[in-house]
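Structure first, commentary second.
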Amino acid sequence: MSFQFGMRPAEIVAEPEEADEEEVDRPIADEADLGAVLSETNVLEVLDQLDHELIALRPVKTRIREIAALLLIDKLRSEVGLASERPSLHMSFTGNPGTGKTTVAMKMAQVLHRLGYIEEARVVAVTRDDLVGQYVGHTAPKTKEVLRRAYGGVLFIDEAYYLYKAENERDYGGEAIEILLQVMEAERDNLVVIFAGYKDRMDDFFRSNPGLSSRVAHHIDFPDYDVDELMAIANLMMQNQSYVFGPGAEDTFRDYLERRVTRPRFAHGRSVRNSIDRARLRQANRLFGSGEGVLSRQELMTISPDDILQSSVFAEDHEPEDDDLPVLGSM
(Lines give C-alpha, C1' and ligand atoms only; values in the text may rest on other atoms or scores of the structure.)
Protein backbone atom coordinates (compact mmCIF):
# COMPACT_ATOMS: atom_id res chain seq x y z
CA MET A 1 0.00 0.00 0.00
CA SER A 2 1.47 3.32 -1.04
CA PHE A 3 0.57 6.57 0.69
CA GLN A 4 2.97 9.07 -0.91
CA PHE A 5 1.94 11.82 1.53
CA GLY A 6 4.94 13.93 0.59
CA MET A 7 4.46 13.99 -3.19
CA ARG A 8 2.88 16.98 -4.89
CA PRO A 9 1.55 16.77 -8.48
CA ALA A 10 3.46 19.82 -9.69
CA GLU A 11 6.67 18.82 -7.97
CA ILE A 12 9.62 18.64 -10.37
CA VAL A 13 12.83 16.92 -9.37
CA ALA A 14 15.82 18.73 -10.83
CA GLU A 15 18.89 16.92 -12.06
CA PRO A 16 21.68 17.22 -9.47
CA GLU A 17 24.34 19.72 -10.39
CA GLU A 18 27.94 18.63 -10.48
CA ALA A 19 29.64 19.52 -7.24
CA ASP A 20 32.58 21.85 -7.32
CA GLU A 21 35.85 20.05 -6.91
CA GLU A 22 36.57 22.33 -3.97
CA GLU A 23 33.37 21.17 -2.23
CA VAL A 24 34.17 17.49 -2.78
CA ASP A 25 37.57 17.87 -1.18
CA ARG A 26 36.33 19.95 1.75
CA PRO A 27 37.48 18.24 4.99
CA ILE A 28 34.97 17.15 7.61
CA ALA A 29 34.80 19.50 10.59
CA ASP A 30 36.51 18.38 13.78
CA GLU A 31 34.15 20.22 16.07
CA ALA A 32 30.54 21.43 16.31
CA ASP A 33 29.32 24.52 18.12
CA LEU A 34 26.66 23.52 20.68
CA GLY A 35 26.02 27.13 21.67
CA ALA A 36 25.43 28.15 18.08
CA VAL A 37 22.88 25.37 17.52
CA LEU A 38 21.08 26.23 20.77
CA SER A 39 20.92 29.85 19.72
CA GLU A 40 19.76 28.98 16.21
CA THR A 41 17.00 26.56 17.28
CA ASN A 42 15.84 28.23 20.53
CA VAL A 43 15.09 24.77 21.94
CA LEU A 44 15.88 25.92 25.47
CA GLU A 45 13.10 28.50 25.20
CA VAL A 46 10.52 25.73 24.65
CA LEU A 47 11.93 23.62 27.50
CA ASP A 48 11.88 26.61 29.83
CA GLN A 49 8.26 27.28 28.86
CA LEU A 50 7.47 23.68 29.72
CA ASP A 51 9.02 24.18 33.16
CA HIS A 52 7.20 27.42 33.86
CA GLU A 53 3.79 26.62 32.37
CA LEU A 54 3.35 23.13 33.82
CA ILE A 55 3.29 22.53 37.57
CA ALA A 56 5.19 19.47 38.87
CA LEU A 57 5.52 16.57 36.35
CA ARG A 58 9.25 16.43 37.04
CA PRO A 59 9.75 12.92 35.54
CA VAL A 60 7.94 14.01 32.36
CA LYS A 61 9.98 17.21 31.99
CA THR A 62 13.20 15.27 32.58
CA ARG A 63 12.32 12.75 29.86
CA ILE A 64 11.43 15.48 27.35
CA ARG A 65 14.78 17.18 28.05
CA GLU A 66 16.57 13.86 27.54
CA ILE A 67 14.88 13.36 24.17
CA ALA A 68 15.71 16.95 23.17
CA ALA A 69 19.35 16.41 24.22
CA LEU A 70 19.61 13.22 22.14
CA LEU A 71 18.25 14.94 19.04
CA LEU A 72 20.48 17.97 19.57
CA ILE A 73 23.64 15.86 19.96
CA ASP A 74 22.67 13.78 16.91
CA LYS A 75 22.48 17.03 14.96
CA LEU A 76 25.98 17.96 16.11
CA ARG A 77 27.31 14.46 15.31
CA SER A 78 26.09 14.77 11.74
CA GLU A 79 27.90 18.11 11.43
CA VAL A 80 31.24 16.41 12.16
CA GLY A 81 30.59 13.43 9.89
CA LEU A 82 29.65 10.87 12.53
CA ALA A 83 26.95 8.29 11.90
CA SER A 84 23.66 9.79 13.02
CA GLU A 85 20.65 7.66 12.11
CA ARG A 86 17.32 9.31 12.83
CA PRO A 87 15.98 7.75 16.06
CA SER A 88 12.43 6.48 16.33
CA LEU A 89 10.31 9.30 17.73
CA HIS A 90 6.90 7.65 18.12
CA MET A 91 5.74 7.91 21.74
CA SER A 92 3.22 6.75 24.31
CA PHE A 93 1.86 9.15 26.97
CA THR A 94 0.05 7.41 29.82
CA GLY A 95 -1.78 8.93 32.74
CA ASN A 96 -5.13 10.07 34.06
CA PRO A 97 -7.16 12.84 32.39
CA GLY A 98 -5.98 16.39 32.99
CA THR A 99 -2.35 15.53 33.74
CA GLY A 100 -0.91 17.55 30.85
CA LYS A 101 -0.50 14.99 28.05
CA THR A 102 -1.88 17.18 25.27
CA THR A 103 0.10 20.22 26.45
CA VAL A 104 3.34 18.24 26.50
CA ALA A 105 2.58 16.87 23.02
CA MET A 106 2.36 20.45 21.73
CA LYS A 107 5.68 21.36 23.36
CA MET A 108 7.26 18.20 21.96
CA ALA A 109 6.10 19.24 18.48
CA GLN A 110 7.83 22.60 18.94
CA VAL A 111 11.08 20.90 19.98
CA LEU A 112 10.98 18.50 17.02
CA HIS A 113 10.24 21.32 14.60
CA ARG A 114 13.02 23.59 15.86
CA LEU A 115 15.53 20.77 15.54
CA GLY A 116 14.36 19.97 12.01
CA TYR A 117 12.72 16.60 12.68
CA ILE A 118 9.25 17.67 11.51
CA GLU A 119 8.18 20.33 9.02
CA GLU A 120 5.67 22.11 11.26
CA ALA A 121 5.09 22.47 15.01
CA ARG A 122 1.59 21.11 14.52
CA VAL A 123 -0.39 18.58 16.54
CA VAL A 124 -3.45 16.87 15.06
CA ALA A 125 -5.42 15.40 17.99
CA VAL A 126 -7.87 12.59 17.22
CA THR A 127 -9.80 9.73 18.83
CA ARG A 128 -11.15 6.42 17.52
CA ASP A 129 -14.16 8.16 15.93
CA ASP A 130 -11.84 10.12 13.64
CA LEU A 131 -10.06 6.99 12.42
CA VAL A 132 -12.53 4.10 12.39
CA GLY A 133 -15.55 3.82 10.12
CA GLN A 134 -18.88 2.16 10.79
CA TYR A 135 -19.10 0.06 7.67
CA VAL A 136 -16.90 -1.83 5.18
CA GLY A 137 -14.62 0.44 3.17
CA HIS A 138 -15.08 3.45 5.45
CA THR A 139 -12.08 3.08 7.80
CA ALA A 140 -9.20 3.29 5.32
CA PRO A 141 -10.28 6.65 3.81
CA LYS A 142 -10.90 8.14 7.26
CA THR A 143 -7.54 6.98 8.63
CA LYS A 144 -5.64 8.12 5.54
CA GLU A 145 -7.28 11.54 5.66
CA VAL A 146 -6.20 11.99 9.30
CA LEU A 147 -2.66 10.90 8.39
CA ARG A 148 -2.64 13.34 5.49
CA ARG A 149 -3.60 16.20 7.82
CA ALA A 150 -0.93 15.19 10.33
CA TYR A 151 1.83 14.67 7.75
CA GLY A 152 4.86 16.80 8.57
CA GLY A 153 3.79 17.15 12.21
CA VAL A 154 2.55 15.13 15.19
CA LEU A 155 -0.51 12.86 15.29
CA PHE A 156 -1.88 12.60 18.85
CA ILE A 157 -4.29 9.67 19.32
CA ASP A 158 -6.15 10.01 22.63
CA GLU A 159 -7.65 6.94 24.32
CA ALA A 160 -5.83 4.88 21.71
CA TYR A 161 -6.83 1.56 23.31
CA TYR A 162 -10.35 2.01 21.87
CA LEU A 163 -8.88 1.28 18.45
CA TYR A 164 -8.60 -2.38 19.43
CA LYS A 165 -11.68 -4.36 20.46
CA ALA A 166 -10.67 -7.99 20.78
CA GLU A 167 -14.18 -9.05 21.76
CA ASN A 168 -15.63 -7.84 18.44
CA GLU A 169 -14.32 -9.71 15.40
CA ARG A 170 -16.26 -7.43 13.05
CA ASP A 171 -14.81 -4.21 14.47
CA TYR A 172 -12.87 -2.09 11.98
CA GLY A 173 -10.32 -0.73 14.45
CA GLY A 174 -7.83 -3.38 13.41
CA GLU A 175 -7.82 -1.95 9.89
CA ALA A 176 -6.90 1.49 11.23
CA ILE A 177 -4.09 -0.06 13.29
CA GLU A 178 -2.69 -1.86 10.23
CA ILE A 179 -2.58 1.40 8.28
CA LEU A 180 -0.94 3.18 11.22
CA LEU A 181 1.69 0.44 11.44
CA GLN A 182 2.64 0.84 7.80
CA VAL A 183 2.78 4.62 7.90
CA MET A 184 4.69 4.77 11.21
CA GLU A 185 7.44 2.77 9.53
CA ALA A 186 7.32 4.09 5.95
CA GLU A 187 6.88 7.76 6.91
CA ARG A 188 8.89 7.84 10.13
CA ASP A 189 10.93 10.76 8.79
CA ASN A 190 7.80 12.82 8.16
CA LEU A 191 5.36 11.96 10.93
CA VAL A 192 5.50 11.38 14.68
CA VAL A 193 2.64 9.46 16.31
CA ILE A 194 1.83 9.80 20.02
CA PHE A 195 -0.59 7.31 21.60
CA ALA A 196 -2.24 8.43 24.85
CA GLY A 197 -4.57 7.09 27.53
CA TYR A 198 -4.88 5.41 30.92
CA LYS A 199 -1.74 3.48 31.79
CA ASP A 200 -3.31 0.07 32.51
CA ARG A 201 -5.40 0.13 29.33
CA MET A 202 -2.46 1.32 27.24
CA ASP A 203 -0.33 -1.53 28.62
CA ASP A 204 -3.01 -4.00 27.48
CA PHE A 205 -3.26 -2.23 24.12
CA PHE A 206 0.45 -2.60 23.41
CA ARG A 207 0.52 -6.22 24.63
CA SER A 208 -2.26 -6.99 22.16
CA ASN A 209 -0.48 -5.17 19.34
CA PRO A 210 3.25 -6.08 19.45
CA GLY A 211 3.82 -4.45 16.06
CA LEU A 212 2.79 -1.09 17.50
CA SER A 213 4.77 -1.60 20.69
CA SER A 214 7.98 -2.26 18.74
CA ARG A 215 7.59 1.04 16.89
CA VAL A 216 7.07 3.17 20.01
CA ALA A 217 10.44 4.11 21.45
CA HIS A 218 9.44 6.48 24.23
CA HIS A 219 6.92 5.54 26.93
CA ILE A 220 6.26 8.46 29.28
CA ASP A 221 4.02 8.15 32.34
CA PHE A 222 2.29 11.28 33.67
CA PRO A 223 1.83 11.10 37.47
CA ASP A 224 -1.27 12.36 39.27
CA TYR A 225 -1.16 15.76 40.96
CA ASP A 226 -1.47 16.02 44.75
CA VAL A 227 -3.57 18.75 46.41
CA ASP A 228 -0.60 21.11 46.87
CA GLU A 229 0.22 20.84 43.16
CA LEU A 230 -3.44 21.35 42.23
CA MET A 231 -3.48 24.51 44.36
CA ALA A 232 -0.37 25.75 42.54
CA ILE A 233 -2.16 25.09 39.23
CA ALA A 234 -5.21 27.01 40.49
CA ASN A 235 -3.10 29.99 41.55
CA LEU A 236 -1.34 30.06 38.19
CA MET A 237 -4.65 29.94 36.33
CA MET A 238 -6.08 32.70 38.53
CA GLN A 239 -3.01 34.86 37.94
CA ASN A 240 -3.16 34.33 34.17
CA GLN A 241 -6.81 35.47 34.14
CA SER A 242 -6.27 38.43 36.52
CA TYR A 243 -8.29 36.97 39.41
CA VAL A 244 -7.34 36.69 43.08
CA PHE A 245 -8.67 34.72 46.02
CA GLY A 246 -10.30 36.99 48.59
CA PRO A 247 -9.86 36.50 52.37
CA GLY A 248 -10.53 32.86 53.21
CA ALA A 249 -11.21 31.86 49.61
CA GLU A 250 -7.89 30.07 49.06
CA ASP A 251 -8.50 27.83 52.10
CA THR A 252 -12.03 27.20 50.86
CA PHE A 253 -10.76 26.20 47.43
CA ARG A 254 -8.26 23.80 49.03
CA ASP A 255 -11.15 22.27 50.97
CA TYR A 256 -13.04 21.98 47.67
CA LEU A 257 -10.11 20.13 46.05
CA GLU A 258 -9.68 17.74 48.99
CA ARG A 259 -13.32 16.76 48.58
CA ARG A 260 -13.32 16.76 44.78
CA VAL A 261 -10.35 14.44 44.26
CA THR A 262 -12.32 11.61 45.89
CA ARG A 263 -15.40 12.10 43.71
CA PRO A 264 -16.19 10.60 40.28
CA ARG A 265 -14.85 12.01 37.02
CA PHE A 266 -12.02 13.98 38.63
CA ALA A 267 -9.66 15.17 35.88
CA HIS A 268 -6.82 16.97 37.68
CA GLY A 269 -5.81 20.17 35.87
CA ARG A 270 -8.93 20.11 33.70
CA SER A 271 -11.18 19.89 36.75
CA VAL A 272 -9.28 22.74 38.41
CA ARG A 273 -9.81 24.92 35.34
CA ASN A 274 -13.51 24.10 35.18
CA SER A 275 -14.03 24.72 38.89
CA ILE A 276 -12.38 28.14 38.58
CA ASP A 277 -14.61 28.90 35.60
CA ARG A 278 -17.65 28.08 37.75
CA ALA A 279 -16.36 30.26 40.57
CA ARG A 280 -15.99 33.09 38.04
CA LEU A 281 -19.56 32.46 36.91
CA ARG A 282 -20.86 32.72 40.48
CA GLN A 283 -18.78 35.82 41.12
CA ALA A 284 -20.22 37.47 38.00
CA ASN A 285 -23.78 36.63 39.10
CA ARG A 286 -23.06 37.93 42.59
CA LEU A 287 -21.72 41.25 41.30
CA PHE A 288 -24.51 41.55 38.72
CA GLY A 289 -27.14 40.88 41.36
CA SER A 290 -25.73 43.42 43.81
CA GLY A 291 -27.27 46.27 41.83
CA GLU A 292 -24.26 48.50 42.51
CA GLY A 293 -23.59 50.99 39.74
CA VAL A 294 -19.85 51.22 40.28
CA LEU A 295 -17.54 48.24 40.83
CA SER A 296 -13.92 48.62 41.80
CA ARG A 297 -11.06 46.88 40.03
CA GLN A 298 -10.49 44.81 43.18
CA GLU A 299 -14.11 43.69 43.29
CA LEU A 300 -13.94 42.60 39.67
CA MET A 301 -10.82 40.55 40.41
CA THR A 302 -11.82 38.89 43.67
CA ILE A 303 -13.25 35.40 44.14
CA SER A 304 -14.94 35.12 47.53
CA PRO A 305 -15.34 31.99 49.68
CA ASP A 306 -19.06 31.95 48.88
CA ASP A 307 -18.31 31.78 45.15
CA ILE A 308 -16.68 28.42 45.88
CA LEU A 309 -18.94 27.16 48.68
CA GLN A 310 -21.96 27.17 46.35
CA SER A 311 -20.47 24.14 44.58
CA SER A 312 -22.47 20.94 45.06
CA VAL A 313 -19.21 19.32 46.21
CA PHE A 314 -19.97 20.84 49.63
CA ALA A 315 -23.43 19.25 49.72
CA GLU A 316 -22.72 15.76 51.03
CA ASP A 317 -26.06 14.38 49.84
CA HIS A 318 -25.54 15.41 46.21
CA GLU A 319 -23.32 14.27 43.39
CA PRO A 320 -20.73 16.90 42.44
CA GLU A 321 -21.42 19.15 39.52
CA ASP A 322 -20.12 17.79 36.24
CA ASP A 323 -16.94 19.86 36.24
CA ASP A 324 -15.51 17.88 33.34
CA LEU A 325 -17.84 19.94 31.13
CA PRO A 326 -16.51 23.44 30.47
CA VAL A 327 -18.50 26.53 31.32
CA LEU A 328 -19.90 28.33 28.27
CA GLY A 329 -17.29 30.73 26.96
CA SER A 330 -14.35 29.08 28.73
CA MET A 331 -13.10 27.01 25.81
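The values are calculated or read from the model by the stated rules, or taken from the named source; none is laboratory data. Since this is a predicted model, take the numbers as computed values, not measurements. Cβ placement follows ideal geometry from the backbone for every residue including glycine, while neighbour counts extend to all protein chains displayed.
Hey, does the stretch 160-172 have a residue that's modelled with pLDDT of 95 or more and among the charged types (D, E, K, R)? Scanning the stretch 160-172, I find no residue that is modelled with pLDDT of 95 or more and among the charged types (D, E, K, R), so the answer is no.
Per-residue answers, yes or no, for (1) within 30 Å of V227 (Cβ to Cβ); (2) polar (S, T, N, Q):
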residue	(1), (2)
G98	yes, no
T102	yes, yes
E120	no, no
A125	yes, no
D130	no, no
Q134	no, yes
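Yes/no per residue for (1) at pLDDT below 95; (2) within 17 Å of the chain's Cα centre (by Cα):
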| position | (1), (2) |
| --- | --- |
| V123 | no, yes |
| V126 | no, yes |
| R148 | no, no |
| I157 | no, yes |
| G174 | yes, no |
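From the list S271, S275, exactly one residue is modelled with pLDDT of 95 or more, in a helix (DSSP H, G or I) and touching a Gly at 6+ places or on another chain (Cβ under 7 Å). Which is it? Quick ask: steps written out before the conclusion?
On the way: S275 fails: touching a Gly at 6+ places or on another chain (Cβ under 7 Å).
Residue meeting the stated conditions: S271.
Say whether the condition of being in the same structural domain as E145 (by TED's automatic domain parsing), free of Cβ contacts under 8 Å to residues at least 40 places away in the same chain, of a type in the set (D, E, K, R) and not in a helix (DSSP H, G or I) is met by at least one residue in the stretch 69-80. Reasoning before the result, please.
To start, the set of residues in the stretch 69-80 that are in the same structural domain as E145 (by TED's automatic domain parsing) comprises 69-80.
Then keep just the ones that are free of Cβ contacts under 8 Å to residues at least 40 places away in the same chain; that gives 69-70, 73-74, 78.
Within this subset, residues satisfying the condition of being of a type in the set (D, E, K, R) are 74.
From what is left, the residues that are not in a helix (DSSP H, G or I) are none.
There is no residue in the stretch 69-80 that is in the same structural domain as E145 (by TED's automatic domain parsing), free of Cβ contacts under 8 Å to residues at least 40 places away in the same chain, of a type in the set (D, E, K, R) and not in a helix (DSSP H, G or I).
Taken residue by residue, the stretch 188-207 has no member that is under 28 Å from Q298 (Cβ atoms) and touching an Asp or Glu at 6+ places or on another chain (Cβ under 9 Å).
Could you pull out the residue among V216, V154 that is in contact with a strand residue (DSSP E or B) (Cβ under 7 Å, 6 or more places away or on another chain), buried (at least 22 other Cβ atoms within 10 Å of the Cβ) and on the phi < 0 side of the Ramachandran plot? Show your work before the answer.
Working: V216 fails: buried (at least 22 other Cβ atoms within 10 Å of the Cβ).
After ruling out the rest, the residue left standing is V154.
In this structure, E250 qualifies as over 20 Å from the mean Cα position of the chain (by Cα), assigned to a helix (DSSP H, G or I) and not hydroxyl-bearing (S, T, Y). Does L44 meet the test of being of a type outside the set (K, R) and surrounded by 13 or more Cβ atoms within 10 Å (Cβ to Cβ)? Considered against the rule, which asks whether it is of a type outside the set (K, R) and surrounded by 13 or more Cβ atoms within 10 Å (Cβ to Cβ), L44 comes out as yes.
Any residue that is part of a loop (DSSP other than H, G, I, E, B), hydroxyl-bearing (S, T, Y), assigned by TED's automatic domain parsing to the domain that holds L181 and closer than 19 Å to R122 by Cα - is there at least one of those in the stretch 39-60? Checked against the condition, which is being part of a loop (DSSP other than H, G, I, E, B), hydroxyl-bearing (S, T, Y), assigned by TED's automatic domain parsing to the domain that holds L181 and closer than 19 Å to R122 by Cα, the stretch 39-60 yields no hits at all.
If you check L212, L191, L236 for being of a type in the set (A, V, I, L, M), in the same structural domain as E145 (by TED's automatic domain parsing) and in contact (Cβ under 8 Å) with a residue 40 or more places away in the chain, only one passes: L191.
Counting only residues that are in contact with a Leu (Cβ under 9 Å, 6 or more places away or on another chain) and surrounded by fewer than 22 Cβ atoms within 10 Å (Cβ to Cβ), which one in the stretch 185-196 is modelled with the lowest pLDDT? Checking each candidate, the answer is R188.
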